[in-house]
Amino acid sequence: MTTGHTIPMNSLSFAAARSVLDTAIAKATDMGFAVCVTVCDPAGEPIISGRMNGAARMSAGIAANKAYTVASFLGLPTNLWWGAIESQPALVQWPNPHPAACGLRRWRANASEW
């Protein structure tokens, strides 16, 4: 419901965002990966971020960019982008791709799984 010039927006509480972060870290641990995780609000602003011991330093920025990108595109996970952009050469062969696009290229090379 809108009132005046505002639009209400649902967001995760800090506790819920922490639970998402903890669940992602636990899954990565089970899989033997060291990752960075960012959980953001619907506007793409980080609520909480974490970098596991051994995770690449630059992957913290990539995690934040991917979280922002997912929020910006109404929840579409970056691993589902390929179907939306594969027929757009300007996006697929962008000379300096966004980190999410690098993931798309990796996914395209291994199309059977992310």
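Can you tell me which residue is farthest from Val20 (Cα to Cα) among those in region 60-79 that are among the small types (Gly, Ala, Ser) and open to solvent by less than 50 Å² (accessible area, probe 1.4 Å)? Out of the qualifying residues, it is Gly61.
Taking (1) touching a helix residue (DSSP H, G or I) at 6+ places or on another chain (Cβ under 8 Å); (2) not in a loop (DSSP other than H, G, I, E, B) in turn, Ala71 satisfies each apart from (1).
Restricting attention to region 47-59 and to residues that are open to solvent by 40 Å² or more (accessible area, probe 1.4 Å) and small (Gly, Ala, Ser), the residue that is modelled with the lowest pLDDT turns out to be Ala56. Entry remark, region 23-32: residues being open to solvent by 70 Å² or more (accessible area, probe 1.4 Å) and free of Cβ contacts under 8 Å to residues at least 12 places away in the same chain number 4 in total. Among the conditions (1) open to solvent by 90 Å² or more (accessible area, probe 1.4 Å); (2) at pLDDT below 90; (3) aromatic (Phe, Trp, Tyr), the only one that Trp82 does not satisfy is (1). Screening Gly44 with (1) surrounded by fewer than 17 Cβ atoms within 10 Å (Cβ to Cβ); (2) at pLDDT 95 or above gives one miss only, at (2). Screening Val39 with (1) open to solvent by 60 Å² or more (accessible area, probe 1.4 Å); (2) in a strand (DSSP E or B); (3) not polar (S, T, N, Q) gives one miss only, at (1). Being of a type outside the set (A, V, I, L, M), in contact with a helix residue (DSSP H, G or I) (Cβ under 8 Å, 6 or more places away or on another chain) and open to solvent by 80 Å² or more (accessible area, probe 1.4 Å): is that true of Arg18 here? Judged against the criteria, Arg18 is not a match.
The values are calculated or read from the model by the stated rules, or taken from the named source; none is laboratory data. A quick note: this is a predicted structure, and the numbers were derived from the prediction, not measured. Methodologically, a virtual Cβ is constructed for each residue, glycine included, from the backbone with ideal geometry; neighbour enumeration extends over all protein chains shown. Only protein heavy atoms, including side chains, enter the accessible area calculation; ligands, DNA and RNA are left aside. Shrake-Rupley method; radii C 1.70, N 1.55, O 1.52, S 1.80 Å.
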